[in-house]
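Taking it in order: structure first as structure tokens, then the write-up.
The values are calculated or read from the model by the stated rules, or taken from the named source; none is laboratory data. Everything quoted here is computed from the prediction, not taken from an experiment. Because the Cβ atoms are built from the backbone with ideal geometry, glycine has one as well, and the counts that use them run over all protein chains shown. Heavy atoms of the whole protein, side chains included, go into the accessibility calculation; ligands, DNA and RNA do not. Shrake-Rupley method; radii C 1.70, N 1.55, O 1.52, S 1.80 Å.
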Amino acid sequence: MKQIYKHRLSDRLTLHPGEPTTGPLTAEELQLAARNHSMPLEALRHNLTPPGLHYVLTHFDIPDTAAAGWHLQIKGAVKQCLELSLAALKRDPAITVPVTLECAGNGRSLLKPRPLSQPWVLEAVGTAEWTGVPLAYLLAKAGVLPGAVEVVFTGADAGIQGGVPQQYARSLPIREAMRPDVVLAYRMNGSDLPPQHGYPLRLVVPGWYGMASVKWLQSIDVVTVPFGGYQQAVAYQYQETAHDAGVPVSRIRIRSLMVPPGIPDFFERKRVLPHGPVMLQGRAWSGQGAVTGVEVGIDGQWIPAHLEKPAGPFAWCKWTLPWVADPGQHELACRATDSTGASQPLAQNWNYQGMGNNMVQRVRVTVE
Ligand SMILES: Nc1nc2c(c(=O)[nH]1)N[C@H]1C(S)=C(S)[C@@H](COP(=O)(O)O)O[C@H]1N2
Ligand SMILES: [Mo]
């Protein structure tokens, strides 16, 4: 299946989506950028991202799921298929999990050349408290049959990508699907899901890049062969070229970001601040292990920052570092390390789809 899709893609010519370019931003990238917004970096001050500031990524259109007839289907290799209304789901036991979600394409527009797609800069990230039913609870209720290998999640949204008509769908291995913290969420920060975040129900897979957390969830299918859908087998691969099979994208790589200090120039976004003491601050997260350290680079010299405890194992943690800014031009940076020993690269790790670019952020400031 994967091969068929790849052929279709490469049969089409010129600049198809995904093609690396060094040219100016295209009209198509601008359309995507205007539909899908990131989280302004100053919102890193908040432990939970305030409503409306959490990043949004929607491949197609936000589907019309407000209709009263919405049901969730659980089917496939199970003892008993289930069909559940939202009211029925709300009667099941609920959990609340604080989760930092990040788009796997975050940082894509900084790559040289940049792959043509949603042109994220640095801030396709956000943290929310997701409330809902543990997926494992419902899978146990349905009874997963021996021989099941994956669980496929299908959203109500449809479109065409790489020439392939599709509904947005992703799968998880059984082992991940049975984790106690994977949640079918109907609340975000205590309120009903907003339309853009998946109303009435979405999957949230803590620790994985955002593509795994299927919004506008319609059906859950337990399958006995690995899922070959477009968003699983073609998109979301770490590939060197358009033609290698690639490695599937899964967990979030270690990353940190800083609230740019001072005030910005409206158009150029250059930063200006007065001389004297300033508290540098930001957040760090990893889907692979706990954040163990953040260093702040000031004109190339790395200084350890103070780390605060996160709200949960899959939520970002705050870091701070006091700095006495002296007049002149300075370059600030931040670099985090996690418990697997992974830390952020100083140079880009380029790949064909522009996935997992966790290169350190650099902020140039003028101190007056
Ligand atoms: N049904 C559906 N689910 C989806 C998507 C989508 O386009 N359709 N986008 C995915 C991607 S790529 C990301 S990064 C996250 C974004 O979640 P958010 O918009 O709530 O931040 O949703 C994921 N779930
Ligand atoms: Mo994404």
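Numbers below:
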item	result
Net length gained if the chain between residue 175 and residue 30 were fully extended (0.36 nm per residue, minus Cα distance)	48.3 nm
In sequence order, calculated HN-Hα J values of the stretch 170-180 (Karplus, 6.51, -1.76, 1.60; Hz; x Gly/Pro)	9, 10, 10, x, 3, 4, 6, 5, 8, 4, x
Shape of the stretch 175-305, Cα gyration tensor, a/c cut at 1.5	prolate
Projected label distance in nm at residue 362 and residue 329, using a 7 Å step from Cα toward the beta-carbon	1.1 nm
Distance violations [Cα-Cα > 32 Å] among 75/318; 141/215; 215/309; 215/270; 75/309; 112/270	75/318; 215/270; 75/309
Solvent-accessible area per residue, Å², over the stretch 56-161 with all protein chains present [probe radius 1.4 Å]	39 Å²
Residue range of the chain that is longest and free of chymotrypsin sites (Phe, Trp or Tyr not before Pro) which are both DSSP loop and sparsely packed (at most 11 other C-beta within 10 Å)	1-265
Separation of the residue 196 and residue 90 label points, Cα + 7 Å toward Cβ, nm	2.4 nm
Separation in nanometres of the label points that stand 7 Å from Cα toward Cβ, at residue 263 and residue 245	5.7 nm
Inverse of mean 1/r across different Cα pairs in the chain, Kirkwood, Å	21.6 Å
Taking N as its residue count, the alpha carbon Rg of the stretch 255-367 over 2.2 N^0.38 Å	1.11
Choice from 330, 197, 54 with maximal GNM fluctuation in the chain (Cα, 10 Å cutoff)	330
Residue 302-residue 21 FRET efficiency (beta carbon distance; Förster radius 35 Å; 0.05 resolution)	0.55
Residue list for the stretch 312-332, given a label point 7 angstrom along the Cα-to-Cβ vector of residue 279 and an amide N cut-off under 13 Å	318-323
Cα centroid of the stretch 331-368 to Cα centroid of the stretch 148-222, whole Å	28 Å
Solvent-accessible heavy-atom area per residue, rounded to whole Å², over the stretch 255-367 at 1.4 Å	47 Å²
